[in-house]
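Computed from the coordinates by the stated procedures, all read-outs in this text should not be read as laboratory data. Predicted model only: the values in this text are computed from it and were never measured. Note that we place each Cβ from the backbone using ideal geometry, even for glycine, and neighbour counts take in every protein chain shown.
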Amino acid sequence: MLKRSFERVRVMLRFKVLVSVVPLLAAAVMARLELTPGPRPCVAVGSGAMQIATSPGHADLHVGFTNDPALATVRVALADSADAADFAIVDDTGEAEGSGCATTLATRFVLVAESPQDGAPVIYLSEGGPAEYRIFVRSKRMTEREAAALIVGARGLPTRLADDSL
C-alpha cells in the first residue's frame, strides 16, 4: 500500500514539473520567433512603394550583385555624405519603428537573388568611380545592398550598359 501511494506521488510530481516547464519552453520559443515581421526595407515611389521581397515568387523584379564591373548592367556608388547622393537612407533620427511604407496594391517588390534571371539587373556596388546612382546609407534596418536594389528597382534600367570602362 505504501509503495502504491509513493508511486502515485511520484507521478503527480512529474506532472507538476511538466506543467510548469511547458509554459517556460513556450515563452522561450516565442521570444526567439517574431510574431509579426518587422518592416521590410522600402522606398516610396509615386503613389506606391518599392519593397524588398522575402520570397522569389512574390518579387516583381529580381536583381543580382557582382564584384566584376564588366558583368554589371548598372553601377551604384556609395557616397560619403547624404548631400553627394542621389538616394540617402538615414534612420537614426528617432522615428518610430513602424513608420515604413504601407503595402498597397501599387507596391512593387524587388528580390536580391544569388543567381538573377536572364535580363535582370546586375548591380556593381563600389566605393566610388563612375556610377548611374550614388547612395548614402546609415541605417540599422537597411543594408547598402538593399538600398541599391531598391533604387535600381524604383528607377528602372536599360537591359545592358554600353561597354564603358571603369
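Subtracting the Cα-Cα distance from 0.36 nm times the residue separation, let me have the gained length for Ala28 to Asp118 in nm, one decimal.
Computed gain between Ala28 and Asp118 is 28.0 nm.
Which whole-Hz couplings ³J(HN,Hα) result when phi for each residue of segment 44-52 is put into the Karplus expression 6.51 cos²θ - 1.76 cosθ + 1.60, θ = phi - 60°, listed in order with x for Gly and Pro?
Coupling constants for segment 44-52: 6, 9, x, 8, x, 8, 10, 10, 5 Hz.
With each pseudo-label sitting 7 Å past Cα toward Cβ, what's the Thr107-Ser47 distance in nm, one decimal?
1.8
Work out the FRET efficiency for Lys140 and Asp60 from their Cβ-Cβ distance, taking R0 = 35 Å, and round it to the nearest 0.05.
In this case the efficiency is close to 0.85.
Sort the following peptides by mean Cβ neighbour count (other Cβ atoms within 10 Å, averaged over residues), highest first: 71-84, 54-67.
With the highest mean Cβ count within 10 Å placed first, the list reads 71-84, 54-67.
Quick one: which residues, 5+ away or cross-chain, put their amide H under 5 Å from the amide H of Phe109? H built at 1.01 Å from N.
Residues meeting the criterion, in which the H sits 1.01 Å from N, are Gln51, Asp60, Leu61.
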